[in-house]
Amino acid sequence: MEAMHTVSSGHTRPVYIVILFIILQLGRHTVEGVWPLPQTFTPSTEQYLLNPQAFYFGYGRQSAVQPGCYVLDAAFKRYFSLIFPDYTSANGFLRFSEDKPFTVEINVTRDDCESYPNEDSSEKYTLSVSAGRASLNAETVWGALRGLETFSQLVYQDEFGSYFVNKTEIEDFPRFQFRGILLDTSRHYLPVQAILKTMDAMAYSKFNVFHWHIVDDPSFPYQSRSFPDLSSKGAFHPMTHIYTQSDVRRVISYARMRGIRVLPEFDSPGHTKSWGKGQSDLLTPCYKGSTPSGTFGPVNPALPSTYQFMATLFKEVSLVFPDSYIHLGGDEVNFSCWKSNPDVRAFMQKMGFGLDFTKLEAFYMENIVNITSALNRTSVVWQDVFDYHERIPKDTVLHIWKGEPASYQDELSRITKAGMRVLLAAPWYINHISYGQDWRNYYTVQPQNFTGTEEQKKLVIGGEVCMWGEYVDATNLTPRLWPRASAAAERLWSDEKQTTSVEKAFPRLQNFRCKLLRRGIQAEPLNVGHCKHEYQGV
């Protein structure tokens, strides 16, 4: 024992110093979990304690927006709860006299508080975190929202529950302007609450377009003012399985508060079985030989009444949905019913189309696009419309869904060569699931990796994650979407060169998935492991 004492007595002090140094180093924390990765991100180990009772959001004196800007005022309340999830004013958070206040100061260059986000909205922001303050500068309120999301992800807790943020410098902007999620509410009705929850998660991943594939063959849940029979006869149930005008307004308003555009899709002439239940003479009667078979095919392109109906419907849609884009569909038209119908064939002879039914579809889609152009709306159509050589305005956006899994690059090359703008959806149909880490496939998509000029590559305006609804309703929507959709979110937001490694992305995505769980999003696990705050059930 004596020998040990003599040995240790000479070394006691350095050993304590080493242990203390290790403890301090363990306490120093850098945040790697910002998702999607900002364009330039300079973290540091210098940390600042945050006290929820001495934490404030404020507007800079030079900011074009000030208190009363509802988009940001509401965001401050939302993000306070996200930043301090354990804090309630009644939980007696310990307040130390030396706690200094911390202020997040927002400066916005342009006052667009009353507007809606649009295709040209800037989402650029800079964020600088230092002792006692964070400075968030953005051109628009939409950029400020993206910066608030990033700041919320920088805040972390230690083992004792105290909140910290580190000194950080960020300059950020999205790589692609259009970053969408498609939900299909026809094959299964999604309650409004499920749509709103999805938009919360979209905002956490910086998606900015909700593509609402609202109607299709199985049901017509949109309650039209002009044609109430469409939903009263075409929805699964006329009262419980519809979206009223007030529901639609609620979705659009909720989206706007999160910097999300709502792109409605009314797909025709195919995918319209449910339309015919509430609108007689709209669909083509199919024939067996010389007699009607009692079944119906696509919209009837031979009748003037078809175009009168569509003009009235789309006028309503353009008044209800404020976005400058309307999705007109135009995909997967089955020609067999048109072929069987003598009136349609006679119309084709009169128009000089012969027996070329692609010309008939082209005629129909050109008329529909003209209707939306007259309403000052940009048409988005599935790529089939281009494949049928239709004469459509140059500003029409083509949605690429073919070419999965390997040849969508050929589609990108072919369509941009014609000078058309495109959205890529083909590799991100995440209603398809497979065992294992299929998020890796979504992460490694390269939307501009195709044969073409730099000008062609600029015509790729973004991409979209599609969640088709054959096997998806409110019971499994959230875990099937998240965090798999977040892999595509980083591809569409972040710099491609900085985000090539799936291995480097994995720990950040795992960290982000735990954040989603803590925020009440039932995101499924990526692999074996655990979160500090597991999902607690409804």
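Take the Cα of Lys394, step 7 Å toward its Cβ, do the same at Glu159, and the gap between the two points is 6.5 nm.
Stretch Thr451-Gln62 to full length: gain in nm at 0.36 nm per residue minus the Cα-Cα span? Let's see the in-between values first.
Numbers: separation 389, 0.36 × 389 = 140.04 nm, distance 4.64 nm.
Contour length minus the Cα-Cα distance gives 135.4 nm.
When you filter the trypsin sites (Lys or Arg not before Pro) in the range 42-91 for DSSP loop state and at most 11 other Cβ atoms inside 10 Å of their Cβ, you are left with Arg61. A Förster radius of 35 Å, combined with the Cβ-Cβ distance separating Arg250 from Ser293, puts the computed FRET efficiency at roughly 0.25. Can you grab the distance from the C-alpha centre of the range 321-366 to the C-alpha centre of the range 115-165, Å, no decimals? That distance is 48 Å. In order along the range 519-531, the Karplus-derived 3J(HN,Hα) couplings, from 6.51 cos²θ - 1.76 cosθ + 1.60 at θ = phi - 60°, round to 8, x, 9, 7, 7, 6, x, 8, 5, 4, x, 8, 10 Hz, and Gly and Pro are given as x.
Checking the table Lys77/Lys197; Lys288/Lys339; Lys350/Lys402; Lys315/Lys402 against a 22 Å threshold on Cα-Cα, which pairs fail? Could you put the intermediate results ahead of the total?
Numbers: Lys77/Lys197 17 Å; Lys288/Lys339 11 Å; Lys350/Lys402 33 Å; Lys315/Lys402 30 Å.
Checking Cα-Cα distances, Lys350/Lys402; Lys315/Lys402 exceed 22 Å.
Taking the C-alpha atoms only, the angle from helix 192-204 to the longest principal axis of the chain is near 50 degrees. Keeping the other protein chains in place, figure out the carbon and sulfur percent of the accessible area of the chain, with a 1.4 Å probe. Carbon and sulfur together cover 55 percent of it.
The alpha-carbon of Lys532 sits under 19 angstrom from the alpha-carbons of these lysines, leaving out residues fewer than 8 places away in its chain: Lys515.
A simple spin-label model places pseudo-atoms 7 Å from Cα toward Cβ; at Glu46 and Gln437 they are separated by 3.5 nm.
Within the chain, what's the longest stretch lacking chymotrypsin sites (Phe, Trp or Tyr not before Pro) that sit in DSSP loops with no more than 10 other Cβ atoms inside 10 Å?
Values: sites that count: Phe96, Phe160, Tyr435.
Answer from the scan: 161-434.
Here is the short version for the chain: Cys466 have no other Cys C-beta closer than 4.7 Å.
Accessible surface area normalised per residue over the chain is 45 Å², counting heavy atoms of protein chains with a 1.4 Å rolling probe.
Computed extension length for Ser81-Glu316: 80.8 nm, one decimal, from 0.36 nm per residue of separation with the Cα-Cα distance subtracted.
Among bridges DSSP assigns within the chain, what percent are antiparallel (round to 5)?
Beta bridges within the chain, antiparallel portion: roughly 35 percent.
Mean residue ellipticity, 222 nm, helices only, the chain: the sum of -39500 (n - 2.57) across DSSP H runs of n ≥ 4, divided by residue count and rounded to 500, is -11000 deg cm²/dmol.
The values are calculated or read from the model by the stated rules, or taken from the named source; none is laboratory data. Computed from a predicted model, the values in this text were never measured in an experiment. Positions of Cβ are generated from backbone atoms using ideal geometry, with glycine treated the same way; all protein chains shown enter the neighbour counts. SASA here: full protein model, heavy atoms, side chains in, ligands and nucleic acids out. Shrake-Rupley method; radii C 1.70, N 1.55, O 1.52, S 1.80 Å.
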